[in-house]
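The values are calculated or read from the model by the stated rules, or taken from the named source; none is laboratory data. Bear in mind the structure is a predicted one, so any value in this text is a computation, not a measurement. Note that we place each Cβ from the backbone using ideal geometry, even for glycine, and neighbour counts take in every protein chain shown.
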C-alpha cells in the first residue's frame, strides 16, 4: 500500500476496513510511514472532536440564512443553483452533521475580518515611527490658539478648528519614556467623507437646506478628529487611552448624527 | 390747459394709489410679523412629564405651582403655530412652522412655570434654553442653543448641543451628562454621583469641590480642561492628554497607577481623603488643575 492509497482510502478505513488483510496492509504502512501516521492521528482527533459537538452547539437557523444571504450577495452562489443543490439551511437533523464545520469556519472568517478591520493600518513598531507625512486635501493652517479655541467654526475656517495644541507643539516632539510617540500626526484638515456622510448631507440639504453648511462644517470637524486620533492609534497600537479617544471621537460623530435626526424632520 | 390739469389729476391719483398700497402692505406685513402672546394652562399631578420642542426660539423654565403647568408662548409671526397636547400627566408643546416660515418669522419663545418635580425635555435649534430651581430629571438639547441650568438638585441632567455653550451652576446631587461637539462647557458648583462632560473642540471649565464621593469624567478632543478646586478638596485625580500639556498647581499625594504616568502629559494623585474620583482626559487639549 502506498501513501497515495492511504490518503485516498483513509476516511473509509477509519470507519473500519473491508477485510483483515486490507486492514493489516494499512496498519503496516502507517507504522512505517511517519507522514501517514500523522495524517491518521490528525483525522482521528478531528473525528473525535466532531463527535463531541452536541446538537445544542448547532448554530441557529438564522446563522445559515445570513451566511447564505451573504454568499448570494457576493455572487458566490446563485438562487437557481441553491434550489437543486446542497441546502445551506439544514432542513432536517439528519443533514446537520455535514455542515457543522461551517460554524467554526464562519467564526474564523469573522474573527479574521475583525482583526483586519481593527489592525489594517496598525504598524508593528510604535517607537521610532516617524510621524506620517500630511495627507491633506487642503492646505493646513495653523491658527492662533485663541481664535481656534473660541471662534465658532465657519465653513471657511473648518481647517483651523481644534488641534491648535498640535500646531503649538510641533509634530516633531520626541517620544516619551513610555515609548509612545507623543506627537500627534499632522492634522488632516479636510477629512474625506464617506458614502454615509454624503447621504447624510444630502438628507440635510433636502430637509433643511439652510442647515447644510453647519452640519457639513461639524462633520468635517468630527471626521478630522477621528482621522487624527486614528493616525495616532496607528502609530501607537498598544495605547489603550488612544483607543478610548478614538471611540470618543466616533461618539462625537454619532452625537452629530443624533442631533441631526432629532432636529431635521 | 385742460389736458395739463387732467394729467396732473391722473398723477395725483397714481401717487395716492401708491401711498395707499404701501400703507396697506405695511399694515399687512406688520400684522404678519406682529408678536402674538398665547397662554396655556394644564392641570397635572406629581411627577408630570413636560416636553417642549421648537425649531427657532428660546425656552425658559421656572418652578411654579405643584399642580399646574403654565406655558406662555410668544409667536413672532403668524408663520408659526403652537401645537399642544395633554395625555394624563404628559404634556407636549411643539412649534409648528407653516409654509414660508424663516428663522425670524418662525420663532416662538416659551416661558414655562412647572411643578419643581416634573420631568422636563426641551429642544430648540437656536435657543437659548434655560431651567432653574427644579428637582426633576431634565434633558435639554439644541444645535446652536446656549444652555443654562442653575440651582437644580437631585435629578438627572442630560444636555447635548452641537455648537451651543453649556453652563451649569449649582447643580447638586445630580446625575449629570453633558456633551457637545464644539460648544464650551462651564460648570460651577456641580456635584453628584456621576458627572460626565464630553466635548470635541469645546473647553471644559469646572469650579467646585468634586464632592459627594462622585465619579467625575471630563473628556475633550482638542478643547482645554480647567478645574478649579477648593483647598479642602477630597478626590483622586487622574489626568492625561495624549499630546497636550497637563499640570496641577498644588501638591497631590502620588499614587500607584496601573497606567504609565508621563511627566507633563499626565498625573495621578490624591488630595484629602480621596472621596471622589476625577478623570480628566484630552487628546490634544491642555489640562490644568488649580486651587482657589
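Residues that are facing chain A (nearest Cβ under 9 Å) and either assigned to a loop (DSSP other than H, G, I, E, B) or touching a helix residue (DSSP H, G or I) at 6+ places or on another chain (Cβ under 8 Å) (or both) were ranked within region B:184-201; the one that is surrounded by the most Cβ atoms within 10 Å (Cβ to Cβ) is B:200.
Among B:26, B:72, B:43, which is the only one that is more than 27 Å from residue B:164 (Cβ to Cβ) and modelled with pLDDT of 90 or more?
Details: B:26 fails: modelled with pLDDT of 90 or more; B:72 fails: more than 27 Å from residue B:164 (Cβ to Cβ).
Sole residue among the options that is more than 27 Å from residue B:164 (Cβ to Cβ) and modelled with pLDDT of 90 or more: B:43.
Annotation: of all residues in region A:215-265 being at the interface with another protein chain (Cβ under 7 Å from one of its Cβ atoms) and more than 25 Å from the chain's Cα centre (by Cα), the one that is farthest from residue B:160 (Cα to Cα) is A:218.
Restricting attention to region A:198-217, the residues being without any contact (Cβ under 8 Å) to a residue 40 or more places away in the chain and surrounded by 21 or more Cβ atoms within 10 Å (Cβ to Cβ) number 1.
With a requirement of 2 or more residues that are surrounded by 15 or more Cβ atoms within 10 Å (Cβ to Cβ), in contact (Cβ under 8 Å) with a residue 24 or more places away in the chain and on the phi > 0 side of the Ramachandran plot, none of the strands (runs of 3 or more DSSP E) lying completely within region B:57-101 satisfies it. Only one entry of B:269, B:285, B:264 meets the criterion of being in contact (Cβ under 8 Å) with a residue 24 or more places away in the chain, part of a loop (DSSP other than H, G, I, E, B) and assigned by TED's automatic domain parsing to the domain that holds residue B:179, and that entry is B:285. Note on region B:250-273: residues that are within 21 Å of residue B:284 (Cβ to Cβ) and either surrounded by 12 or more Cβ atoms within 10 Å (Cβ to Cβ) or at pLDDT 85 or above (or both) amount to 9. For region B:71-93, which residues satisfy the criterion of being under 21 Å from the mean Cα position of the chain (by Cα) and closer than 16 Å to residue B:49 by Cβ? The answer is B:71, B:91, B:92, B:93.
For region B:274-283, does any single residue satisfy the condition of being touching a helix residue (DSSP H, G or I) at 6+ places or on another chain (Cβ under 8 Å) and within 14 Å of another protein chain (Cβ to nearest Cβ)? Spell out the reasoning first.
Start the filter on region B:274-283 by keeping residues that are touching a helix residue (DSSP H, G or I) at 6+ places or on another chain (Cβ under 8 Å), which leaves B:281, B:283.
Checking which are within 14 Å of another protein chain (Cβ to nearest Cβ) leaves us with B:281, B:283.
Yes, that holds for at least one residue.
Mind listing whichever residues of region B:138-150 are more than 8 Å from the chain's Cα centre (by Cα) and modelled with pLDDT of 95 or more? Please lay out each step first, then the result.
From region B:138-150, those more than 8 Å from the chain's Cα centre (by Cα) are B:138-139, B:143-144, B:150; that's our starting set.
Within region B:138-150, B:138, B:139, B:150 meet the criteria.
The residues of region B:204-213 that are crowded, with 21+ Cβ neighbours inside 10 Å and within 14 Å of another protein chain (Cβ to nearest Cβ) amount to a single one, B:204. Being within 14 Å of chain A (Cβ to nearest Cβ) and over 16 Å from residue B:55 (Cβ atoms) is the filter; apply it to region B:147-162 and report the residue that is surrounded by the fewest Cβ atoms within 10 Å (Cβ to Cβ). Checking each candidate, the answer is B:158.
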